[in-house]
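The values are calculated or read from the model by the stated rules, or taken from the named source; none is laboratory data. Since we're looking at a predicted model, the values are computed, not measured. In this analysis, Cβ positions are derived from the backbone assuming ideal geometry, glycine residues included, and neighbour counts consider all displayed protein chains. Side chains are part of the model used for accessible areas, which takes the heavy atoms of the whole protein and leaves out ligands, DNA and RNA. Shrake-Rupley method; radii C 1.70, N 1.55, O 1.52, S 1.80 Å.
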Amino acid sequence: MKNLTDSELGGMMQLVRGTQWYVGMFGDPYALVLRAQTDDPHPLYEQARAQGPLHQNALGSWVCTGYELAAQILADPRFDTRTADGGTAAQHVLALDDAFLGLDRTAHDRLRERTAPLLGAEAVERHRAVAERVAGDLLDGLGAEFDLAADFATPLAVGVLAELLAVPAADRPGFAEHCTALGNALDAEVCPQQLVPARALITALERLRGQFAGRPDGGLLGEVAATGGDLAAEDALATAMLLAATGVQTASSLVCNAALALLADPARRDAVRAEPGLLPQVIDETLRSDPPVHLCALVAREDVEIAGQHIAADSQLVVLLAAANRDPEVFADPERFDPHRAEAAPLQGGAHHELVAPLAKLQAEVALRLLLDRLPGLRQDGPIVRRRRAPVSRAIARVPVTAA
């Protein structure tokens, strides 16, 4: 994509955007999801659910809304991020391979195995002190009024990653700028962005890749490379790019969404403050009710018969994770935020998310604990402003809070 002229890139995205807009005019719920013109997409998810747990929409994408079927599809090796020959589905907008978002299931499995001692669910505990230090320093520098996303959650995620990747101090302002530009990476794969942010995204990927490739022995990069094997250096670079391209936004969204769920109910907030052992349950319930990744776009690597449907090879299949996690056949009163749920675990965002999720959950736990302890009077003090054209992340750009 970086070799396309602005005219070519803009024209291609306008064509796709126009197609999505046209189909949405006739009420197709998935096309309306991709338009990303509403602050609350859940009514659209319910419209999609009414069309069946697995159905084909007018754009040609298969759409899954049911929890049990979604779990089956996510675990099925016949569905992947790439076709059998390495291509993408026809509905794919930007193939951001420089971010290693195009890695197939086999490559993701290898990455997870290689990074498990560093970033796995138990291993990330070693990074808690870094997260606490970065979060504490940020809170020390904030006044009584600040922006939860722009002043705290995103700088926290960027700062932690910069520490883990041993980004030199002189490079950190640029690193933060590039990570911010990457915030819509997952969105850009399915929803055409405006030309300026799309070009900024492509440029950020190119520059970060060059920066990481130039120093493979620093911090987490060095530890991954030191695991040995023919692909160790490539996997180290892939890990860094995935953390930058998806991990920062995932962590920022999880912190914001979980904090806002607590601030929305003072009784719940006070209960969690009194019993901080509830924080992991709060985070899991946030992953269910307001996840940082709302949909996962896959492609069939071969002809597949599933749920009474024939899915042709190379067809796109989209799992609406946020819909599946509110499936009324699985979750009682699914609209209610309840950290004490004993139902099924929330489905999460596919192969990319599996690698970055443990670190994101650690950061969210650290952030919530510090916010509750140090700012007991914290409250939302204005409307949530979400990033435009962000149907996957529904990322919060701004949300004012006050500690007064």
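Overview of values
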quantity: Residue within region 54-75 that is of a type outside the set (A, V, I, L, M, F, W, C), closer than 17 Å to Arg389 by Cβ and surrounded by 20 or more Cβ atoms within 10 Å (Cβ to Cβ) present; calculated: no
quantity: Filter result for Ala50 (under 20 Å from the mean Cα position of the chain (by Cα) and open to solvent by 10 Å² or more (accessible area, probe 1.4 Å)); calculated: no
quantity: In region 210-225, residue nearest to Leu96 (Cα to Cα) [restricted to those that are in a helix (DSSP H, G or I) and without any contact (Cβ under 8 Å) to a residue 12 or more places away in the chain]; calculated: Gly210
quantity: Per-region count, region 8-42, residues open to solvent by 70 Å² or more (accessible area, probe 1.4 Å), assigned to a helix (DSSP H, G or I) and without any contact (Cβ under 8 Å) to a residue 40 or more places away in the chain; calculated: 5
quantity: Number of positions in region 188-219 that are open to solvent by less than 60 Å² (accessible area, probe 1.4 Å) and either within 21 Å of the chain's Cα centre (by Cα) or at positive phi (or both); calculated: 17
quantity: Within region 226-253, tally of residues that are assigned to a helix (DSSP H, G or I) and open to solvent by 30 Å² or more (accessible area, probe 1.4 Å); calculated: 2
quantity: Flag for Gln193 being closer than 24 Å to Ala95 by Cα, in contact with a helix residue (DSSP H, G or I) (Cβ under 8 Å, 6 or more places away or on another chain) and either of a type in the set (Phe, Trp, Tyr) or at pLDDT below 90 (or both); calculated: no
quantity: Among the candidates Leu111, Leu94, Leu69, residue that is under 24 Å from Leu34 (Cβ atoms) and in a helix (DSSP H, G or I); calculated: Leu69
quantity: Strands (runs of 3 or more DSSP E) fully within region 259-338 counting 3 or more residues that are within 23 Å of Arg389 (Cα to Cα), at pLDDT 95 or above and open to solvent by 20 Å² or more (accessible area, probe 1.4 Å); calculated: none
